[in-house]
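Have a look at the structure below, then the notes.
The values are calculated or read from the model by the stated rules, or taken from the named source; none is laboratory data. Note that the structure is a prediction, hence the values are computed from the model and not measured. Glycine also receives a Cβ, built like all others from the backbone with ideal geometry; neighbour counts cover every protein chain displayed. Heavy atoms of the whole protein, side chains included, go into the accessibility calculation; ligands, DNA and RNA do not. Shrake-Rupley method; radii C 1.70, N 1.55, O 1.52, S 1.80 Å.
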Amino acid sequence: MSGLNLYALLGEPVHHSLSPALHNAAFKALQIDGLYVALRTWDELVGPLMRSLAVSGGGGNVTLPHKRAAADALDRASEDVRATGACNVFWWEECVGLCGDNTDVEAFCRAAEAVLGSSLEDRRVLVLGAGGAARAVVHGCVREGASGIDIVNRTRARAEGLARDLGSPANVSVLDELDARSPRTYDLVVNATSLGLAPSDPLPLDLGAVKCEAILDLVYGREGTRLVNAARDAAKRAEDGRRMLVEQATASFARWFDREPPREVMYEVVRLSD
Ligand code: NAP
């Protein structure tokens with residue numbers, strides 16, 4: 001019997017995910033006897049699947065819409081899971097049981113630093129969206145010492161709920177909308193809405209409604225995204241979500257194995273220089 005360990009991405013949908021390619025390339029590069037698969041599943045099965053994968057020596061990731069169910073299934077949740085109510089990576093530890101973390105927080109901070117050219121400390125950030133990804137983004141901004149974080153979401157009540165769940169920090173505000181007649185100034189704008197996934201989607205932001213240096217679009221595509229391309233045409237620094245994707249994958253790898261992930265191999269999968 002071989003010692004092959006099974007890792008899985010649990011979500012719905014998962015067919016478009018690059019996570020299997022990223023992790024299987026890393027396993028191959030380091031000759032790890034593991035296999036990473038994407039499993040389409042539903043909330044009630046998430047906890048039992050996590051437990052059986054992890055206790056058998058593997059582990060995995062969780063994506064939309066199961067991150068909250070995953071957080072609820074843990075025996076030990078990290079501080080980032082407790083703050084965001086979302087878990088995206090899990091593994092097993094003897095004497096503890098099922099452990100989980102939210103590596104989207106760390107990954108967002110690394111991607112934001114890359115596009116800003118320095119840390120988030122004392123930066124003004126506009127976050128578009130208030131779903132699971134926005135929770136990791138706002139929590140990361142608060143943790144790294146951003147001076148002001150404005151949230152705009154189609155459903156205002158959801159943005160208010162996000163701010164409340166994070167303890168209503170004094171530097172977090174919910175705005176109704178952006179006004180092109182009096183554009184606000186930001187160091188970074190983050191698109192954490194799902195707008196941009198479909199080619200027919202409108203831009204998530206009127207670029208004339210803000211003055212900003214840099215844009216980070218969490219949506220990703222091999223040739224950038226419409227928002228990234230429009231921002232670059234307007235002479236702004238802009239990146240899509242591939243760096244954040246790889247950074248959450250390398251951080252996940254580090255939770256599973258007591259060794260450095262092969263970052264250059266994983267960056268090569270999405271064709272982005274480290
Ligand atoms: P989610 O929880 O479903 O939230 C979706 C967000 O998009 C909500 O704020 C929603 O607003 C907004 N939205 C959806 N359709 C909209 C529309 N037509 N007009 C305006 N706003 C709209 O999803 P999520 O997990 O936060 O993910 C959001 C995006 O981030 C996805 O594209 C996902 O792929 C990406 N992501 C990328 C990474 C990465 O590593 N690069 C990691 C995580 C997520 P309402 O509240 O009004 O519905």
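Magnitude of the charge dipole for region 80-143, about its Cα centre and with charges confined to Cβ atoms of Lys, Arg (+1) and Asp, Glu (-1), is about 340 debye.
Name the shape class, rounded, prolate or oblate, that the alpha-carbon gyration tensor gives for region 70-167, where a ≥ b ≥ c are the square roots of its eigenvalues, rounded holds for a/c under 1.5, and otherwise prolate holds if a/b is larger than b/c and oblate otherwise. Judged from the Cα gyration tensor, region 70-167 comes out oblate (a/c at least 1.5, b/c at or above a/b). Magnitude of the charge dipole for the chain, about its Cα centre and with charges confined to Cβ atoms of Lys, Arg (+1) and Asp, Glu (-1), is about 420 debye.
Of all lysines in the structure, the ones whose alpha carbon falls short of 25 Å from that of Lys236, not counting any fewer than 8 places away in one chain, are Lys211. Annotation for Arg110 and Ser52: the two label points, set 7 Å from Cα along the Cα-Cβ direction, are 3.2 nm apart. For region 114-130, putting each phi into the Karplus relation 6.51 cos²θ - 1.76 cosθ + 1.60 with θ = phi - 60° gives couplings of 5, 7, 7, x, 6, 6, 7, 4, 6, 8, 9, 10, 9, 10, 9, x, 8 Hz, in residue order, rounded to whole numbers and with x for Gly and Pro.
Quick check: residue separation of Lys211 and Arg143 times 0.36 nm, minus the Cα distance between them. What number comes out in nm?
Value of the extension gain: 22.1 nm.
Each residue of region 8-13 is assigned a 3J(HN,Hα), and the resulting list reads 9, 8, 9, x, 6, x Hz, derived from the Karplus form 6.51 cos²θ - 1.76 cosθ + 1.60 (θ = phi - 60°), x at Gly and Pro. Protection proxy ranking of 166-175, 186-195, by the mean of other Cβ atoms within 10 Å over each peptide's residues and highest first, is 186-195, 166-175. Seen from every direction in turn and averaged, the convex hull around the alpha carbons of the chain projects onto 14.6 nm². Using 0.36 nm per residue and subtracting the Cα-Cα separation, the extra length available between Arg184 and Arg158 on full extension is 7.2 nm. What shape does region 130-274 take by its C-alpha gyration tensor, where a ≥ b ≥ c are the square roots of the eigenvalues and a/c under 1.5 counts as rounded, a/b above b/c as prolate, and the rest as oblate? Note, shape of region 130-274 comes out oblate.
Using only helices, what value at 222 nm comes out for the chain when you add -39,500 (n - 2.57) per DSSP H run of length 4 or more and divide by the total residues, to the nearest 500 deg cm²/dmol? Numbers along the way, then the final one.
On the way: 10 runs with 102 residues, N = 274.
Mean residue ellipticity at 222 nm (helix-derived): -11000 deg cm²/dmol.
Shown are Lys236, Lys211, whose ranking by accessible area with a 1.4 Å probe and every protein chain present, most to least, is Lys211, Lys236.
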